[in-house]
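S.K.: I am attaching a structure below and will ask some questions about it afterwards.
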Amino acid sequence: MRRARRAAAAPGGALEDAVEAMRRCDVLAGVSAMEGGIERVYLSPEHARANAQAGEWLELAGMRAWEDAAGNIRGSYPGATEDAPVLVLGSHLDTVPDAGRYDGILGVMIAIAVVGRLHAHGARLPFGIEVIGFADEEGVRFGRTLLGSCAVAGTWDEAWLDLADGDGVTLRDALAAFGLDPARVGDAALDPARVVGYLEAHIEQGPLLLDAGRPLGVVSGIMGAKRFDLAMEGEAGHAGGVPMRHRRDALLGAATAALAVEQVALAEGVVGTVGEMRVAPGAANVIPGRAEFSLDVRAATDAERDRAWARIRALAVEAAGARRLQFTESLRHVAPATSSERRLSEAVEHGISVATGDREPMELLSKAGHDAMAIAALAPYAMLFVRCGNGGVSHQPDESVEVGDVALAIDAFEAAILAVAQRWQPLA
Ligand SMILES: [Zn+2]
């Protein structure tokens, strides 16, 4: 990374910082594999270009920038003493296909803006700061989320190296092609004894702040999720020849199970989604012999999530029995529910109060996953949510935020970090 060629911008007010943070989101939106849209996946040429660009911004904000063994881009800002521990700030720089420009990206730009302010004032805190642009949160390429933050948290699993992308390229080969050593990804891990905590700013990806007329909120925790591959096996047959009563139609069993997901989710106050369904043989004149479908179920606690799944499962088994189908299940992914840490959350609340004058900031439970849930294995975390426009849509091009809200978010994030510094006591 090049050294900063000019000093960080003089403190010129939150609005200027917000305009610049949003301009940077626009710049990264142009670093895309998709024509007319945004797509930036792990270990792609776009990932490398985004890291190079983010590295320049980290250095402009007074940090030393480097790419770690997992391909995360990181910047470090020194603390008051050489052996000071670090407060980690971050979010992700990868995207889903045809993404919005703020999911993840804005959180990294807010963190860089805040460190730029500290640098402009020559401020040194009792801890150093490390800003991380995580390389893989969405899990688009290899089907496993949070690869970048798991590497930093020290929970990287060597078995993941055998995961393959849609073209059959393994994670091992993709790391090597990117210039990284697959055997050394674990080197990206931080030592938990040296980490004060983790703070992440992120767009809400929902309408609650918008509906409440509030620009910012504090995250109480992140929902636990389980994802399953489910299937109904019946018997294919001629769409004309087989009488209705004799059929073992796999799709109808799957459809009944999908409706059960909605019914249980509404009754139990959880969220459940069947987002994928494939029917075989898949012809207009053939009765479906097999239907494979996904289930994603999330709840505030692991116990609520598992109770909902047990009910869904019972109804799916019942639906299969009624149609003489075989129901099979396989667990694809588990993410335990996590809670933010009280003192860090209080610092975020304090930051929101300082920035907005709101004495009782709104608390939200995140239904989406975030890097914070992987980092929870390393250190306590807290999160700041920024209001989304357009009804709260995310993971699509209409994702939007207001520049005024981003200005408040930068002020709040800075005040939160200063509050952590004020209350933090080094261990003797
Ligand atoms: Zn995100």
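S.K.: Would you mind stating whether residue 146 is away from the ligand (no atom under 16 Å from the Cβ) and either among the aliphatic types (A, V, I, L, M) or open to solvent by 50 Å² or more (accessible area, probe 1.4 Å) (or both)?
M.R.: no
S.K.: If you take the residues in region 149-170 that are free of Cβ contacts under 8 Å to residues at least 40 places away in the same chain and not in a loop (DSSP other than H, G, I, E, B), which one is least open to solvent (accessible area, probe 1.4 Å)?
M.R.: This residue is 161.
S.K.: Of all residues being of a type in the set (S, T, N, Q) and within 13 Å of the ligand (Cβ to nearest atom) in region 363-395, which is farthest from residue 186 (Cα to Cα)? Just the residue, please.
M.R.: In this case the residue turns out to be 394.
S.K.: Also, I was wondering about something else. Of the residues 87, 60, 106, only one is open to solvent by less than 10 Å² (accessible area, probe 1.4 Å) and more than 16 Å from the ligand (Cβ to nearest atom); which?
M.R.: One residue alone meets the criteria, 87.
S.K.: Moving on. Might you check whether a residue that is modelled with pLDDT of 95 or more, within 16 Å of the ligand (Cβ to nearest atom) and either of a type in the set (Val, Ile, Thr) or surrounded by fewer than 17 Cβ atoms within 10 Å (Cβ to Cβ) (or both) occurs anywhere in region 196-206?
M.R.: yes
S.K.: Quick check: anything in region 20-31 under 23 Å from the mean Cα position of the chain (by Cα) and without any contact (Cβ under 8 Å) to a residue 12 or more places away in the chain?
M.R.: Yes, that holds for at least one residue.
S.K.: Any idea which residue in region 122-143 is most open to solvent (accessible area, probe 1.4 Å), counting only those that are more than 12 Å from residue 108 (Cβ to Cβ) and within 14 Å of the ligand (Cβ to nearest atom)?
M.R.: 140
S.K.: Does any residue of region 166-182 turn out to be away from the ligand (no atom under 14 Å from the Cβ) and within 19 Å of the chain's Cα centre (by Cα)?
M.R.: Within region 166-182, not a single residue is away from the ligand (no atom under 14 Å from the Cβ) and within 19 Å of the chain's Cα centre (by Cα).
S.K.: Out of 262, 235, which single residue is open to solvent by 60 Å² or more (accessible area, probe 1.4 Å), assigned to a helix (DSSP H, G or I), of a type outside the set (A, V, I, L, M, F, W, C) and on the phi < 0 side of the Ramachandran plot?
M.R.: The match here is 262.
S.K.: A further question follows. Taking residue 177, is it without any contact (Cβ under 8 Å) to a residue 12 or more places away in the chain and part of a helix (DSSP H, G or I)?
M.R.: In short, no.
S.K.: Could you check region 320-428 for helices (runs of 4 or more DSSP H) lying wholly inside it with 2 or more residues that are of a type in the set (D, E, K, R) and surrounded by fewer than 19 Cβ atoms within 10 Å (Cβ to Cβ)?
M.R.: Counting at least 2 such residues, we get 342-356.
S.K.: Pick out the one residue from 2, 6 that is modelled with pLDDT under 95, over 29 Å from residue 174 (Cβ atoms), not acidic (Asp, Glu) and not assigned by TED's automatic domain parsing to the domain that holds residue 397.
M.R.: From the options 2, 6, the qualifying one is 6.
S.K.: Checking the condition closer than 30 Å to residue 248 by Cβ and either touching a residue at least 12 places away in the same chain (Cβ under 8 Å) or more than 16 Å from the ligand (Cβ to nearest atom) (or both), which residue from 325, 418 passes?
M.R.: When all the criteria are applied, what remains is 325.
S.K.: So which of 231, 212, 159 ends up being modelled with pLDDT of 95 or more, outside the structural domain of residue 135 (by TED's automatic domain parsing) and over 18 Å from the mean Cα position of the chain (by Cα)?
M.R.: Checking each option against the conditions leaves just 231.
S.K.: Can you give me the number of residues within region 63-84 that are more than 25 Å from the chain's Cα centre (by Cα) and either within 16 Å of the ligand (Cβ to nearest atom) or open to solvent by less than 30 Å² (accessible area, probe 1.4 Å) (or both)?
M.R.: Qualifying residue count for the region: 2.
The values are calculated or read from the model by the stated rules, or taken from the named source; none is laboratory data. Because the structure is predicted, anything quoted here is derived from the model rather than measured. With ideal geometry, Cβ positions are generated from the backbone for all residues, glycine too; neighbour counts draw on all protein chains shown. Just so you know, the surface numbers come from the protein's heavy atoms only, side chains and all, with ligands and any DNA or RNA stripped out. Shrake-Rupley method; radii C 1.70, N 1.55, O 1.52, S 1.80 Å.
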